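Enquirer: Structure in structure tokens, see below.
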Amino acid sequence: QVQPVESGGGLVQAGDSLRLSCAASGRTFSSYAVGWFRQAPGKEREFVAGINWSGGTTNYADSVKGRFTISRDNAKNTVFLQMNSLKPDDTAVYYCAVRGRGGYGKSQYDYWGQGTQVTVSS
């Protein structure tokens, strides 16, 4: 079983940047797609960005395109989410998830981290 562990959240001002990291404990996740999701208070969890096992394919929610970049370093068993030009609407708990069943997509992720809080003040 793969256990993702997120880090890098915090409190920033609008326009600032943050980089989230997702490291795997247990088995490596270098063979699997990884996604970032977020959940704001009172809202459903939503897909933010995804990356396939090799890093050759990525996709993003429309709300973050051009501002967020997902990447991975399989040698370090880590996936990153670089977030630039942050807005107050980006405030949420951000979760890393691994698609242990294989394949790639915006849903059907099997292993979830505990989340890291990102708060963007105006």
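The values are calculated or read from the model by the stated rules, or taken from the named source; none is laboratory data. If you're wondering where the values come from, they're calculated on a predicted model, not measured in any experiment. Neighbour counts run over all protein chains shown; Cβ positions are idealised from the backbone, glycine included. Just so you know, the surface numbers come from the protein's heavy atoms only, side chains and all, with ligands and any DNA or RNA stripped out. Shrake-Rupley method; radii C 1.70, N 1.55, O 1.52, S 1.80 Å.
Quick grid of which residues meet (1) closer than 22 Å to Ser121 by Cβ; (2) in contact with a strand residue (DSSP E or B) (Cβ under 6 Å, 6 or more places away or on another chain); (3) not β-branched (Val, Ile, Thr):
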| site | (1), (2), (3) |
| --- | --- |
| Leu11 | yes, yes, yes |
| Gly26 | no, yes, yes |
| Ser31 | no, no, yes |
| Glu44 | no, no, yes |
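Enquirer: So is Arg19 open to solvent by less than 40 Å² (accessible area, probe 1.4 Å) and not in a loop (DSSP other than H, G, I, E, B) or not?
Expert: No; evaluated as a whole, the condition is false for this residue.
Enquirer: Then there is this: Which of the residues that make up the range 22-59 are among the hydroxyl-bearing types (Ser, Thr, Tyr), surrounded by fewer than 18 Cβ atoms within 10 Å (Cβ to Cβ) and either in a loop (DSSP other than H, G, I, E, B) or at pLDDT 95 or above (or both)?
Expert: Kept after step one, since they are among the hydroxyl-bearing types (Ser, Thr, Tyr), are these residues of the range 22-59: 25, 28, 30-32, 54, 57-58.
Next, from what is left, pick out any that are surrounded by fewer than 18 Cβ atoms within 10 Å (Cβ to Cβ): 25, 28, 31, 54, 57-58.
Scanning the range 22-59 gives Thr28, Ser31, Ser54, Thr57, Thr58.
Enquirer: Just the residues that are in contact with a Lys or Arg (Cβ under 9 Å, 6 or more places away or on another chain), modelled with pLDDT of 95 or more and surrounded by fewer than 14 Cβ atoms within 10 Å (Cβ to Cβ), please, taken from the range 1-13.
Expert: Matches in the range 1-13: none.
Enquirer: Sticking with this structure for a sec: Residues that are among the hydroxyl-bearing types (Ser, Thr, Tyr), open to solvent by 50 Å² or more (accessible area, probe 1.4 Å) and in contact with a Ser or Thr (Cβ under 6 Å, 6 or more places away or on another chain): list the strands (runs of 3 or more DSSP E) wholly contained in the range 64-122 that include at least 3 such residues.
Expert: Qualifying strands (runs of 3 or more DSSP E): none found.
Enquirer: While we're looking at this one, here's another question. Cβ-Cβ distance below 6 Å, separation of 6 or more or different chains: which pairs start in the range 24-35 with a residue that is within 7 Å of Arg99 (Cβ to Cβ) and end on one that is among the basic types (Lys, Arg)?
Expert: Tyr32/Arg99; Ala33/Arg99
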